[in-house]
Amino acid sequence: MPIKQECQEPLADKIDTNIISLSRFIIEKQKQAKNATGDYSLVLNALGFAFKFIAHTVRRAELIHLTGLFGTSNATGDQQKKLDVLGDEIFINTMASSNIVKILVSEEQEELIRFETTEGTYAVCCDPIDGSSNIDAGVSVGTIVSLFKITSPPSEPGCEQDVLRSGHDMVAACYALYGASTHLLLTLGDGVNGFTLDTNLGEFILTEPDVRLPTDHPKKIYSVNEGNTCYWDESVKTFFDALKQPQDEDNEPYSARYVGSMVADMHRTVLYGGLYAYPGSSKSRNGKLRLLYEGFPMAFLIEQAGGKAVNDKGERILDLVPTKIHDKTSIWIGSSRDVDKYLKHIGKL
Ligand code: FDP
């Protein structure tokens, strides 16, 4: 049957029938882990489902009247959008039904949520819809998550101490970016892997294995809200002024890029390299970003991809320990070369 054979060859060339879905990736990781109980896989699968649900909702937001304000403020004082509230609800229900998550910290909830579970051994900290002030303009938003294993027995009720821990205690971190496609960047502490949501298959597919920040991207980028310049310390102002001048390495100044949606700015930083910063200012000494569900997970991902993350004082973000669940941190994060420039500027290198 020569005709059949002619069809098969080109098709086999184009379509990869041995793709790695997020579910397969998780199962393979579980097989590699000694004494795995399957709990970790359950919680990662629950997160994957929450991202798919939010992606689906964000895509339809305008059609189902989910744009605009909800009319309330969240735990951190920001005006809540309708999508913020829905994203939060999706997270609460998905984590509760996993039966393996004991504690949820959400940007949208003042107090941590304790789930009724006898098997819960994980704490999830999340910003369900980060960058939500951009939603109505159709700009990419994202979800950011840090995951901790709880050390107290499942029978004991969860408490704040289960998450008020050093960033080194995280067992996983990830973000989902709802852009032209939905991307998921995940670290389990052994590198970073990137997945893209195939909406027809309903699966995240591994598209960027072993992500590393580039060291040779043609553009050097800094990313910061320069509208805050008048509130910055002199040292921050002089640092960014210097980046706008030709640099020693190539005689070219840096380019500025700022979406104002942290996940979008970080995804660009992962792909193109560069420096993202949200420094402290006279308005807010610790900047704006939250340590538990913005600073920690982004620092874990960036370090695992070969970069660095520090605060204004040059302290490593992962060394910090929050004292309250919604603590803020200043942040300088991205390519090692660029974070090192800041560390040299403040005399810490
Ligand atoms: P948003 O308030 O829209 O949710 O931490 C939240 C965040 O967005 C980040 O995603 C974003 O990078 C930052 O705030 C933007 O803050 P500015 O508007 O002050 O630049």
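The values are calculated or read from the model by the stated rules, or taken from the named source; none is laboratory data. This is a predicted model, so every value here is computed, not measured. Every residue, glycine among them, receives a Cβ derived from its backbone with ideal geometry; neighbour counts consider all protein chains shown. Heavy atoms of the whole protein, side chains included, go into the accessibility calculation; ligands, DNA and RNA do not. Shrake-Rupley method; radii C 1.70, N 1.55, O 1.52, S 1.80 Å.
Taking interchain pairs and intrachain pairs at least six residues apart, which have beta carbon atoms under 6 angstrom, with the first residue in segment 132-157 and under 23 Å from Met298 (Cβ atoms) and assigned by the TED database to the domain that holds Arg60 and the second within 10 Å of the ligand (Cβ to nearest atom) and among the charged types (D, E, K, R)?
Every condition considered, the pairs that remain are Ser132/Lys81; Ser132/Asp84; Ile135/Lys81; Gly142/Asp130; Ile144/Asp127; Ile144/Asp130; Ile144/Glu294.
Exactly one condition in (1) more than 16 Å from the ligand (Cβ to nearest atom); (2) surrounded by 17 or more Cβ atoms within 10 Å (Cβ to Cβ) is false for Pro157; which is it?
It fails just one condition, (2).
Report whether or not Leu177 is within 16 Å of the ligand (Cβ to nearest atom), assigned by the TED database to the domain that holds Thr143 and either on the phi < 0 side of the Ramachandran plot or crowded, with 23+ Cβ neighbours inside 10 Å (or both).
When the stated conditions are applied, Leu177 passes them.
Pairs please, first residue from segment 105-123 and over 16 Å from Phe148 (Cβ atoms), second anywhere and among the basic types (Lys, Arg) and within 16 Å of the ligand (Cβ to nearest atom), Cβ atoms under 7 Å, 6+ apart in sequence or on different chains.
Glu107/Arg290
Find all pairs meeting these conditions: Cβ atoms under 7 angstrom apart; at least six residues apart or on different chains; first residue within segment 220-243 and free of Cβ contacts under 8 Å to residues at least 24 places away in the same chain and open to solvent by 30 Å² or more (accessible area, probe 1.4 Å); second residue among the hydroxyl-bearing types (Ser, Thr, Tyr) and within 16 Å of the ligand (Cβ to nearest atom).
Close Cβ pairs satisfying both conditions: Lys237/Thr229.
Only residues in segment 19-33 that are free of Cβ contacts under 8 Å to residues at least 60 places away in the same chain and more than 10 Å from Phe204 (Cα to Cα) count as the first member; pair them with residues that are among the polar types (S, T, N, Q) and assigned to a helix (DSSP H, G or I), Cβ under 6 angstrom, at least 6 apart or cross-chain, and list the lot.
Matching pairs, first to second residue: Ile26/Ser41; Gln30/Ser41.
What's the total number of residues in segment 75-99 that are away from the ligand (no atom under 12 Å from the Cβ) and either surrounded by 24 or more Cβ atoms within 10 Å (Cβ to Cβ) or of a type in the set (Asp, Glu) (or both)?
Qualifying residue count for the region: 4.
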